[in-house]
Every structure is written in structure tokens, then in C-alpha cells.
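Working notes, structure below.
The values are calculated or read from the model by the stated rules, or taken from the named source; none is laboratory data. Predicted model only: the values in this text are computed from it and were never measured. Cβ atoms come from the backbone with ideal geometry, glycine included; neighbour counts cover every protein chain shown.
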């Protein structure tokens, strides 16, 4: 997972701005925790021993570790909160990685499925493997 693969920071910032606008909140990104997310995601991807992992594998590794380590918090200036923010941004960035790398256009999943997945990411157990399978299924269904 390198800058050569995709412009990760651009996608992350875009999704943070999107979430702030959508939910009327102000967010703060902890760069130290983000570096930890990137290190764990890279380690997971490298453990797959693949020369060129597909976008679903990259997306799932990032999404899993982002939601687990939670590098986003609400600014003290924020008038409201969205408690599922780390899970929401984790999945939005993951889906964006799939869309951009595979040049998919249009909506990748419905709002209802996104909401269910975000909620599940927050309250249920997920492993890196189960996250990878979810992204693989989505990507596979889009390529047919």
C-alpha cells in the first residue's frame, strides 16, 4: 500500500470533508494513529504474499485497521456528533479505493447496506479476513 498505488491521503481527506458536510460536524484526524493504521494495513497486505493485491484487499486492510484504531475524533468546536464516524469514514475510503482503482462508476452499494455495514462495523466482531471477504464480494458483483 504505497502512494504509487493510489493517492490515499487525497481519498481520506475527501471523505473527511464529505462526512463533515453530510453530518454537520467538525472532525480532527490524529496523524499518529493514522500512521499506525497504515503500518498495520501494510503489514496485513504484505502477509498475503501477493505481488499486486487487488483493490478489495487494500481497501479491506485499510478499513479494518481504521475502524479498529479510530484516528478520527470530533473537534471541541463541533456542535454535534456522529458516533459512527470512524466506521463510516473507514468504509467510505475503502469503497472509494475500489471505485478509483477499478474505475467503477455509479453507486457501489445502497445507502441501506452502507448504514447496516457501518453499524455492524461498530457493534459486531469483524476480522481482517471477514472485511476482506466483504470487499471481495462487492468488487466481484460489480465486475459481472
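Some notes on this structure:
- Residue that is surrounded by the fewest Cβ atoms within 10 Å (Cβ to Cβ) [pool: residues in region 1-12 that are in a helix (DSSP H, G or I) and either modelled with pLDDT of 95 or more or in contact with a helix residue (DSSP H, G or I) (Cβ under 6 Å, 6 or more places away or on another chain) (or both)]: 11
- Counted residues, region 71-87 - those being at pLDDT 95 or above and buried (at least 16 other Cβ atoms within 10 Å of the Cβ): 8
- One residue stands out among those in region 92-107 that are crowded, with 18+ Cβ neighbours inside 10 Å and over 16 Å from residue 23 (Cα atoms): the one that is modelled with the lowest pLDDT, which is 99.
- Filter pass, residue 131 being buried (at least 18 other Cβ atoms within 10 Å of the Cβ) and modelled with pLDDT of 90 or more: yes
- Residue selected from region 46-71 under the condition assigned to a loop (DSSP other than H, G, I, E, B) and out of contact with any helix residue (DSSP H, G or I) (no Cβ under 8 Å at 6 or more places or on another chain), by the criterion nearest to residue 137 (Cα to Cα): 52
- Test: residue in region 29-45 that is surrounded by 12 or more Cβ atoms within 10 Å (Cβ to Cβ), assigned to a loop (DSSP other than H, G, I, E, B) and under 16 Å from the mean Cα position of the chain (by Cα): yes
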